[in-house]
Protein chains: 2
Amino acid sequence: MDKPTIPKGTRDFGPAQMAKRQFIFDNIRKVFQKYGFQPLETPTMENLSTLTGKYGEEGDQLLFRVLDTGQFYEKLLLKVNEAEVRHKFMRGLLIVLRRTSDLIFAEFEEKDTRHSGKIQTLIEGDKFERFFIGIDIQDAERSLLKKFIIAESVITSINLAYFFIDAGIRKDNYNQVIDHHFNQFTDNVIIKGYSKILENFLVSNLQSKEVASNISEKGLRYDLTVPFARYVVMNRGEITFPFKRYQIQPVWRADRPQKGRYREFYQCDADVVGTDSLICEAEIVLMIKEVFKSLGINDFTIKINHRAILSGLAELTGSQNESSLFVAIDKLDKIGEEKVKEELRSRGFEDEGIDSVFAILNFEGSTPQKIDFLRSKFSNSEKGKKGIADFEEVLSLLQSYGVTEQHVEFDISLARGLSYYTGCIFEVKINNVAIGSVSGGGRYDNLTGVFGLPDVSGVGISFGVDRLYDAMEELSLFPKEAQATSTVMIAHFDDATLRYSLHVANQLRESGIATEVYPDVAKLKKQLDYANKKEIPFVIVIGSGEMEEGMLTLKNMEKGEQEKLILKDICLKLAVGS
Amino acid sequence: MDKPTIPKGTRDFGPAQMAKRQFIFDNIRKVFQKYGFQPLETPTMENLSTLTGKYGEEGDQLLFRVLDTGQFYEKLLLKVNEAEVRHKFMRGLLIVLRRTSDLIFAEFEEKDTRHSGKIQTLIEGDKFERFFIGIDIQDAERSLLKKFIIAESVITSINLAYFFIDAGIRKDNYNQVIDHHFNQFTDNVIIKGYSKILENFLVSNLQSKEVASNISEKGLRYDLTVPFARYVVMNRGEITFPFKRYQIQPVWRADRPQKGRYREFYQCDADVVGTDSLICEAEIVLMIKEVFKSLGINDFTIKINHRAILSGLAELTGSQNESSLFVAIDKLDKIGEEKVKEELRSRGFEDEGIDSVFAILNFEGSTPQKIDFLRSKFSNSEKGKKGIADFEEVLSLLQSYGVTEQHVEFDISLARGLSYYTGCIFEVKINNVAIGSVSGGGRYDNLTGVFGLPDVSGVGISFGVDRLYDAMEELSLFPKEAQATSTVMIAHFDDATLRYSLHVANQLRESGIATEVYPDVAKLKKQLDYANKKEIPFVIVIGSGEMEEGMLTLKNMEKGEQEKLILKDICLKLAVGS
């Protein structure tokens, strides 16, 4: 038997990873809640009408589509009588076959072209209905049969070409030939050949939207933002705005799997919608700082920019093609200045405009110096001025909180990929670690518009757990507590000491101490190995001596020390530690 | 625009529900951990080869299948040059068409039967390769083209039947006719007719396993037990046995949605594998008791039975058809004794056997009386004796823990649906609530066998969160703390007081208090309404007076009282409460 596997790009999370992941989730969740965000969970499957068209064409291609199992189910009744249905189908098919070949035969043998075109009409159209007259079938079956026969008759007709030859074009034996062929190819062609041809077609044509939309109307959640927007619109009557929600759930993307990129991964999002107050932006900065502090990550940079500042840059180029500029700037890190310039030229940007943009992008200086420089460039750009003003206000609000600008960097070249951002944008990088951004977000002015609720401004932040995990592993930042194992295991020697250990376990658990009893009678070494492998810090060994004395041996597995204590003292000692 | 919807049988969980659900999850998780179980998460998607055949035929029908979007993606490159590929395809098709009709024509006109069967071979086989010689295409394209052409040539061949007639079987103009028809039906038949026929076929044939398996090789997790078994087999080398894992994740079933039955729902499972110690059964009883206690549910019954006892009953009937008896007994609650008896008769059970079974099922008495009665009946049944002995041992172990038999009921008629149970089985009901069982489980001896790892005994328990939730709502058992809202909101009057409130918020949060600032300048009433709707228990109101004095007004929203305090005292007061 083949060893079982899991789908490409997916992962199991065993106990050790789970404990570390839980450490990250818990800390993020605590911070979100401390800032007034409330939890939301949306279904794994969303209607494709909700998902498609929101992530660009590439995004649509990366949606996992779920087959309409509902339709499978609706047809279970038919399936139950499969044998009967198949019998009826065969009868119907034979009749169709005879009538069709009748027509072709008449046309060919009698040179009677009046029949010309009738067969094609039969294959394409609704005319098959009449072949069913006299066959005892239900309406639902009739409709299903018709679909079968329309498709089957395509195959049937090919074979008619052979009938002409094999039958020697003699009218008196063609019925016999049909019967012969029918018996042959119902099993052969229809079942094997036919399904093979169709499967081949399916495999080659799955990207056809027409085909996919007919067999699938649900897809797996691609991110948490679109389902959130959908939720807000569906529940607009009950929601108290401004609505602050956080959401920690997996998302799925049919991306090519590679190192650090998975097809199933968690996102941790917090969004506020229903207010354009820049306090929300300031609190996003605070939350980022607090999350990283709680995770023990000290060396990180929160890059901030504003889409209106980028719009100001676009204005300077004289081009209307704002989004091409954003897309090109977004690649600066990856492909470098020269290639970005090349791309801009190829998109019709003038050299002069490109130079003025890069004069700004390459400007070095403190945040106030950058602001002054930008202001001098944006004297004629309302958008540019608005961007600067918003950004300055966010800094000023941070001051009012009594929080420093430490970790915050004004990065004019920050663009962010997603098209829906309209205001401040954020991206967080952990310094000195070869891992991309671990968090990002921004303000959007019309995310719910596509679902029929315009003018709801919002701003959000998303943390990527997988990258945080990798970075923390690299920096050895996971604390020892981030493991989900028992505090103590009870080892024993025989049936009597095993049974004695049960009430000991019960007492320990009543003191809130995570406890396990090694469940089988086994050699002490095996039991201690088990505790070591599970990294259980304490073991209580119960032998007959301990049973009699009531003094239990408590082994500290890390230090290798042991002491004899009464159970009550062990409870006290371990309860403090756990 | 249509209001967006979510798929049938799925749900959003808003903040209020989330908090209550989290309360249930947290308590279950704590108990699992206290008993030494470690967390595991498996991917949402599993290979269909992992899932199918494990849940019975009905289960297979209820699997949600995911389209192979991966394959979509693999072909994106081809898609990019769709026009070019199409052109090449057309050239290839034309050549195939000419060669094929050449053969048929030769065969027909020259009465040369040597060509007989060649065409069919071409359609079915790999012979198309040679038609591509001289056409400049890549390997990947060639393979795709081949699939297209094998399918297309089916259509093509039908039309060849017409060529004979239309061309008047004159060799000198048949090429011209082919060209004419080719131009017509490439657009007509291939694009429209063809895809229509195939879509019809798809819609009618989705339940076909052959088709489904070719377009889908992944499905959504149906339960947590099979993925766990798959995980154990995949990681058998690294796992320390006995392996105690818990898993809290959603599962999906394409069931007909109805009240209380959803297509996406969470399961909370704990299983131990790699030991047949009955201590595990005893600890399952302890865990159930502790979970219910922690949730505040006091009136519940843990029904226990043993599959070997049921086997003993089957032996008494003299029938070999053990599973039919289990299935029938499982329905006792739903359809009553008479109908169960009828079913057993129809399955070939003798009246005498049925009577002896019901004499046992209907026996009333205490647990020891039931055991004595059973023992008298099972004097000749090894299985029956083993079942009784196991059950008695579990009760004896409970005593050793110092735990009473309260809540435990020996229910000989408990059968449980799943076929893989072999030992003790459990089911938990909350009394006086019209909700089915909220938890169930049992011992299985060979769950990993199907993945190639035989003889791994295990036992597990599963809690159903949705039913627990409904029961706790009905009994009003959710504590006030089970809500995820801020402890305090800061209200203000204008820009200055809003700005002042920011450092207040910061101080409160530094004391660990979940705090939010109403982010916009708004009327006080609107701000208080917001706090009321979100059930935030405290509001700090900051006016110009408060700003000057440094004394803040703290409103207790529930009691309607308010007092003036300095920030430090507010922090102390609220930190204790939160």
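The values are calculated or read from the model by the stated rules, or taken from the named source; none is laboratory data. In this text the structure is predicted, and so the values were computed from the model without any measurement. Glycine gets a Cβ as well: all are built from the backbone with ideal geometry, and neighbour counts include every protein chain shown. What goes into the accessible areas is simple: the full protein's heavy atoms, side chains included, and nothing from ligands, DNA or RNA. Shrake-Rupley method; radii C 1.70, N 1.55, O 1.52, S 1.80 Å.
Measuring r between the beta carbons of A:E350 and B:K8 and using R0 = 45 Å, the FRET efficiency lands at 0.25.
Given a Förster distance of 30 Å, report the FRET efficiency between B:E474 and A:S511 from their Cβ-Cβ distance, rounded to the nearest 0.05. The value I calculate is 0.35. The lysine pair count for segment A:254-408, using Cα distances under 18 Å and pairs eight or more places apart or on different chains, is 13. For segment A:327-454, rounded, prolate or oblate, judged on the Cα gyration tensor with a ≥ b ≥ c (square roots of eigenvalues), a/c < 1.5 rounded, else prolate if a/b > b/c? In terms of gyration-tensor shape, rounded. Checking every one of the trypsin sites (Lys or Arg not before Pro) in segment A:490-578 against DSSP loop status and a limit of 14 other Cβ atoms within 10 Å picks out A:K523, A:K559. Here's how it looks for A:I542: its modeled amide H is under 5 Å from those of A:A491, A:H492, which are all 5 or more places away or on a different chain. Candidates B:V327, B:G348, B:S294 compared by Cα position along the dipole of segment B:279-350: farthest toward the positive end lies B:S294, with charges placed on Cβ.
Each residue, B:E337 and B:N432, gets one label point 7 Å from its Cα in the Cβ direction; the gap between the two is 2.7 nm. Overall form of segment B:413-534: prolate. Here a/c, set by the Cα gyration tensor axes a ≥ b ≥ c, is 1.5 or more, and a/b is the larger of a/b and b/c.
Spatial offset of segment A:224-261 relative to segment A:413-487 amounts to 13 Å, using the alpha carbon center of each. Qualifying trypsin sites (Lys or Arg not before Pro) in segment B:381-489, where qualification requires a DSSP coil assignment and no more than 16 other C-beta atoms within 10 Å, comprise B:K480.
Chains B and A: buried accessible surface, both sides, probe 1.4 Å, rounded to 100 Å²? Numbers along the way, then the final one.
Working: alone 31450 and 31450 Å², together 49380 Å².
What B and A bury together is about 13500 Å².
Counting other Cβ atoms within 10 Å of each Cβ, which chymotrypsin sites (Phe, Trp or Tyr not before Pro) in segment A:12-72 have at most 16 and sit in a DSSP loop? Provide the component values of the computation, followed by the final result.
Working: sites: A:F13, A:F23, A:F25, A:F32, A:Y35, A:F37, A:Y55, A:F64, A:F72; in loops: A:Y35, A:F37, A:Y55, A:F64.
Here no chymotrypsin sites (Phe, Trp or Tyr not before Pro) fit, given the DSSP loop and packing criteria.
Taking the charge dipole of segment A:452-567 about its Cα centre, with +1 at Lys and Arg Cβ atoms and -1 at Asp and Glu Cβ atoms, the residue from A:T487, A:Q527, A:M557 reaching farthest to the positive side is A:Q527. If you plug the beta carbon distance of A:I566 and B:A522 into 1/(1 + (r/R0)^6) with R0 = 56 Å, you get a FRET efficiency near 0.35.
How would segment A:505-568 be classified by its alpha-carbon gyration tensor: rounded, prolate or oblate, with rounded meaning a/c under 1.5 and the a/b versus b/c comparison settling the rest? Rounded, since a/c falls under 1.5. Each of A:Q320 and B:N298 was given a label point 7 Å from its Cα along the Cα-to-Cβ line. The distance between the two points is 7.5 nm.
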